[in-house]
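> Structure incoming, see below.
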Amino acid sequence: MASFVESTQADILSWRPEIPGSAGTRTILEMVGECVAVNRRFAAKLAQKSEEAITQPVLASAEDAISQIVESGQNLATVIGNLSDEALGADYVHAGNRLSGTSLIVGAYRNMAYHCGQINLIQMLRGDAEYHRPDSWYGPARSKG
């Protein structure tokens, strides 16, 4: 996600697409803020810590967004790395549903991947036709033949 933010022109980061009849749109910085909060909430949930004080940050710049998404992702990765097999299969309550630890981990990934696609759409709506996926998006390249 940091790579998608980095590839976005600064004036586009806080642009809110106005689409008649839509249920509301968000800026790239707002979407990244949501992902930061989700990463932090899921890390706290998996570490069995309180989520009460976790709120969605208001991000002011690409640098702020990149710093916070990387920090929240690294924190979530550290928590995941310290989980036992039992914790991965345990039930956690999220949004009124019971989910396994594995489902929470996949949920954080899917949330960021979903919003990366939205960032790309906003780039396209503002005239940038290039798909700015990071080289690591599909994993390491394999040599030919």
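> Could you check, for the range 38-50, whether at least one of its residues is without any contact (Cβ under 8 Å) to a residue 60 or more places away in the chain and closer than 30 Å to Asp128 by Cβ?
yes
> To continue, here is another question. Of the numbered conditions (1) without any contact (Cβ under 8 Å) to a residue 60 or more places away in the chain; (2) outside any helix (DSSP H, G or I); (3) open to solvent by 40 Å² or more (accessible area, probe 1.4 Å), Arg133 fails exactly one; give the number of that condition.
Every listed condition holds for Arg133 apart from (1).
> Shifting gears a bit: Kindly indicate which of Leu125, Leu76 is of a type outside the set (Ser, Thr, Tyr), surrounded by 11 or more Cβ atoms within 10 Å (Cβ to Cβ) and at pLDDT 95 or above.
After ruling out the rest, the residue left standing is Leu76.
> Among the residues of the range 85-100, is any touching a residue at least 60 places away in the same chain (Cβ under 8 Å), assigned to a helix (DSSP H, G or I) and open to solvent by 30 Å² or more (accessible area, probe 1.4 Å)?
No - not one qualifying residue is present in the range 85-100.
> Can you tell me which of Lys49, Lys45 is in a loop (DSSP other than H, G, I, E, B), of a type in the set (Lys, Arg) and open to solvent by 20 Å² or more (accessible area, probe 1.4 Å)?
Result: Lys49 is the single residue among Lys49, Lys45 that is in a loop (DSSP other than H, G, I, E, B), of a type in the set (Lys, Arg) and open to solvent by 20 Å² or more (accessible area, probe 1.4 Å).
> Now a separate question. Taking Gln68 as meeting all but one of (1) surrounded by fewer than 16 Cβ atoms within 10 Å (Cβ to Cβ); (2) within 16 Å of the chain's Cα centre (by Cα), write down the number of the exception.
If we test Gln68 against (1) surrounded by fewer than 16 Cβ atoms within 10 Å (Cβ to Cβ); (2) within 16 Å of the chain's Cα centre (by Cα), just (1) comes out false.
> Shifting gears a bit: Given the residues Ala62, Ala108, which is the only one that is touching a residue at least 24 places away in the same chain (Cβ under 8 Å), open to solvent by less than 50 Å² (accessible area, probe 1.4 Å), under 19 Å from Phe4 (Cβ atoms) and under 11 Å from the mean Cα position of the chain (by Cα)?
Ala108
> Could you please find all residues in the range 15-37 being surrounded by 19 or more Cβ atoms within 10 Å (Cβ to Cβ) and out of contact with any Leu (no Cβ under 9 Å at 6 or more places or on another chain)?
Met31, Cys35
> Another one. Any residue in the range 17-27 that is more than 27 Å from Ser103 (Cβ to Cβ) and of a type in the set (A, V, I, L, M, F, W, C)?
The answer is yes, given that some residue of the range 17-27 is more than 27 Å from Ser103 (Cβ to Cβ) and of a type in the set (A, V, I, L, M, F, W, C).
> Tell me which residues, restricted to the range 11-46, are modelled with pLDDT of 95 or more and among the small types (Gly, Ala, Ser).
Within the range 11-46, Ser14, Gly33, Ala37, Ala43, Ala44 qualify.
The values are calculated or read from the model by the stated rules, or taken from the named source; none is laboratory data. None of the values given here were measured: they were computed from a predicted structure. As a convention, Cβ positions derive from the backbone with ideal geometry for all residues, glycine included, and neighbour counts pool all protein chains shown. Only protein heavy atoms, including side chains, enter the accessible area calculation; ligands, DNA and RNA are left aside. Shrake-Rupley method; radii C 1.70, N 1.55, O 1.52, S 1.80 Å.
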